[in-house]
Each structure stands twice: as structure tokens, then as C-alpha cells.
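To keep things clear, I will list the structure first and then write my remarks on it.
The values are calculated or read from the model by the stated rules, or taken from the named source; none is laboratory data. Remember, it's a predicted structure, so these values are computed and weren't measured experimentally. Neighbour counts run over all protein chains shown; Cβ positions are idealised from the backbone, glycine included. Side chains included, ligands, DNA and RNA excluded: accessible areas come from the protein's heavy atoms. Shrake-Rupley method; radii C 1.70, N 1.55, O 1.52, S 1.80 Å.
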Amino acid sequence: MRSPLIGITTYSRSEAGEFTLPATYVDAVQLAGGFPVLLPPVQADPTALLDTLDGLIFSGGGDIDPSAYGGEPHHTIYLVDEERDEFELALAKAALTANVPTLGICRGMQVISVASGATLITHVPDVYGESVTHRLDHPRRPVQHPAQVQPGSRLAQMLGTTHLTVVSWHHQAIKTLPDCWQTVAHAADGLIEALEHKHHPWLFTVQWHPELSPADPNHQRLFQSLVEAARAKP
């Protein structure tokens, strides 16, 4: 039996004309038994990818253009890329109604949420203050903090715990959500850390970076569960 094909969205086109992705995403998928397939934002019809892929990961990266969710410009917004936004939002809209197991990570959580009608906080400290640090700013670097997963949720059952230390690297977050989503994890300041879709067979999003915790079995269960669901997909 072949390994499930897991598509992973790449970062934007660089000044050198290169599409890149941190190897940690690829490593996590391979360790879970999947075959990673990189998805640069160049396909004319991204929805056609869902006929080929067994699973899908929306990776992290730069900010979504605020115009996509009715937001306002902010001086902290960075690496906005129209090509990537258009590709990923179209792919996310298709994934919301497709029977393809899907995981959103950081920016990926925001992309999938915005595709479903959510709005974002453009800069977390403006709303939540600084009681919890969600990234280091100068230079931009990840940071760790605790997160609480809702007991009894599908995510808690998947991870095998309700208490996590997460690797966080973001300054934007979920503001409002349509009813199709269930919030299933929070940081200590109340910021939404994870969502599960109420109607999709397997659609979870996390604001943290599980691929940056390769030695933590709780985080790696996200990738293992995604690959298992992809293997079982009709």
C-alpha cells in the first residue's frame, strides 16, 4: 500500500524566484508515514489538487492581506503576497467542502478560517496585551507558552492531553468565527489556539507550530492522525 499523498502549501516566491518551505513540515509528515507533496501557489485551478491528494496541510508564513477579511492596515503586517493569498484562499474554500483531511498551522489556521468567513485581529497585543508573548519581535522568532485544550473535544482525544506547551510564532489571530467552527483550545490570555470544524470529517487548525516540536509525541499526533485519516479516505 502506498503512503498517503499529503500536500503542503509552500511559502511565497522569494526575490530569487524560489519557492521554499521549512524542512520541519516535510519531516513531520514523513515521520507520520505520509508522502509530502509541496504545493507552490502557481496552480491556475488549485481545487483540482483535491482530486489527487489524500491529505492537506496549510503551512505558516507571512500575513494575509487585511482586505481579504475586511481588516484595516497595520504597520506590523509583513510579507503579504497576493499570489499566495489567492491560491490558498481558493484551495481552502474547496477543502471546506471536500472529503480531504486538512490541517491548518498558524497562517494556515487563519487562511482556512478567513475562507469560511472569519475575521482576524491584525495585531494581537492591541487586543490581548502582553501577558502572553506569542512571538519575539526583534528579530521575529518563535516562543513557547502553555495552551489549554478543551476536555472532551476531538482535539483533546487526538492529542491525548488537555495541557500543552506550544511553539508560537504569530502576531495575528482569530477575531470572529462562523458557526461551523468549534473553538477547542486557548492561551492563558484567551486567544484562540485551535479550532475543529463541526461538519467536516477531519478538519483541524492550530495557531501554534507543531512541526517545531518533533520530540513531543502530543504534537506529533496531529500529523499521525492526519496521515491515518488520509489513508482511510474513500
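Just checking, does segment 168-181 include any residue being under 18 Å from residue 58 (Cβ atoms), among the aromatic types (Phe, Trp, Tyr), assigned to a strand (DSSP E or B) and touching a Ser or Thr at 6+ places or on another chain (Cβ under 9 Å)?
Scanning segment 168-181, I find at least one residue that is under 18 Å from residue 58 (Cβ atoms), among the aromatic types (Phe, Trp, Tyr), assigned to a strand (DSSP E or B) and touching a Ser or Thr at 6+ places or on another chain (Cβ under 9 Å), so the answer is yes.
Determine which member of the set 9, 76, 47 is open to solvent by 50 Å² or more (accessible area, probe 1.4 Å) and among the hydroxyl-bearing types (Ser, Thr, Tyr).
Result: 47 is the single residue among 9, 76, 47 that is open to solvent by 50 Å² or more (accessible area, probe 1.4 Å) and among the hydroxyl-bearing types (Ser, Thr, Tyr).
Which ones in segment 13-39 are open to solvent by less than 30 Å² (accessible area, probe 1.4 Å), not hydrophobic (A, V, I, L, M, F, W, C) and not in a helix (DSSP H, G or I)?
Correct list: 33, 34, 36.
Conditions (1) under 19 Å from the mean Cα position of the chain (by Cα); (2) at positive phi; (3) modelled with pLDDT under 95; (4) not small (Gly, Ala, Ser), marked per residue:
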residue	(1), (2), (3), (4)
29	yes, no, no, yes
35	yes, no, no, yes
51	no, no, yes, yes
72	no, no, yes, yes
94	yes, no, no, no
98	yes, no, no, no
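Kindly indicate which of 195, 155 is under 17 Å from residue 113 (Cβ atoms) and either open to solvent by 50 Å² or more (accessible area, probe 1.4 Å) or assigned to a strand (DSSP E or B) (or both).
Testing whether each residue is under 17 Å from residue 113 (Cβ atoms) and either open to solvent by 50 Å² or more (accessible area, probe 1.4 Å) or assigned to a strand (DSSP E or B) (or both) leaves just 195.
Identify, please: which residue in segment 135-152 is closer than 21 Å to residue 202 by Cα and in contact with a Ser or Thr (Cβ under 6 Å, 6 or more places away or on another chain) and is, among those, most open to solvent (accessible area, probe 1.4 Å)?
151
Tell me which of these residue 83 doesn't satisfy, since it passes every other one: (1) surrounded by fewer than 19 Cβ atoms within 10 Å (Cβ to Cβ); (2) charged (D, E, K, R); (3) touching a Leu at 6+ places or on another chain (Cβ under 9 Å).
If we test residue 83 against (1) surrounded by fewer than 19 Cβ atoms within 10 Å (Cβ to Cβ); (2) charged (D, E, K, R); (3) touching a Leu at 6+ places or on another chain (Cβ under 9 Å), just (3) comes out false.
Can you run down the residue pairs with Cβ atoms below 6 Å, 6 or more apart or on separate chains, where the first is in segment 158-182 and under 12 Å from residue 206 (Cα atoms) and the partner is hydroxyl-bearing (Ser, Thr, Tyr)?
Close Cβ pairs (under 6 Å, with a partner that is hydroxyl-bearing (Ser, Thr, Tyr)) amount to 167/213; 174/113.
Scanning for something touching a residue at least 24 places away in the same chain (Cβ under 8 Å) and assigned to a helix (DSSP H, G or I), does segment 139-148 turn up at least one residue?
no
Return a yes/no flag: does segment 28-40 have any residue that is of a type in the set (Val, Ile, Thr) and in contact with a strand residue (DSSP E or B) (Cβ under 8 Å, 6 or more places away or on another chain).
Yes, segment 28-40 contains at least one residue that is of a type in the set (Val, Ile, Thr) and in contact with a strand residue (DSSP E or B) (Cβ under 8 Å, 6 or more places away or on another chain).
From the list 58, 35, exactly one residue is touching a residue at least 24 places away in the same chain (Cβ under 8 Å), aromatic (Phe, Trp, Tyr) and more than 20 Å from residue 113 (Cβ to Cβ). Which is it? Give the steps one after another, and end with the answer.
Numbers: 58 fails: more than 20 Å from residue 113 (Cβ to Cβ).
After applying the criteria, what remains is 35.
Of all residues in segment 95-111 being hydrophobic (A, V, I, L, M, F, W, C) and open to solvent by 20 Å² or more (accessible area, probe 1.4 Å), which is nearest to residue 69 (Cα to Cα)?
Filtering segment 95-111 down to residues hydrophobic (A, V, I, L, M, F, W, C) leaves 95-96, 98, 100, 103, 105-106, 109, 111.
With open to solvent by 20 Å² or more (accessible area, probe 1.4 Å) added as a condition, the list becomes 96, 98.
Details: 96: 17, 98: 22 Å.
Per the criteria, the residue is 96.
Restricting to segment 198-216, name every residue that is in contact with a Gly (Cβ under 8 Å, 6 or more places away or on another chain) and either without any contact (Cβ under 8 Å) to a residue 40 or more places away in the chain or assigned to a loop (DSSP other than H, G, I, E, B) (or both).
Listed by number, the list holds a single entry, 209.
Considering each of 127, 114 in turn, give the residue that is among the β-branched types (Val, Ile, Thr), open to solvent by 30 Å² or more (accessible area, probe 1.4 Å) and either at pLDDT below 95 or out of contact with any Ser or Thr (no Cβ under 9 Å at 6 or more places or on another chain) (or both). Explain how you work it out, then say what you get.
On the way: 114 fails: open to solvent by 30 Å² or more (accessible area, probe 1.4 Å).
When all the criteria are applied, what remains is 127.
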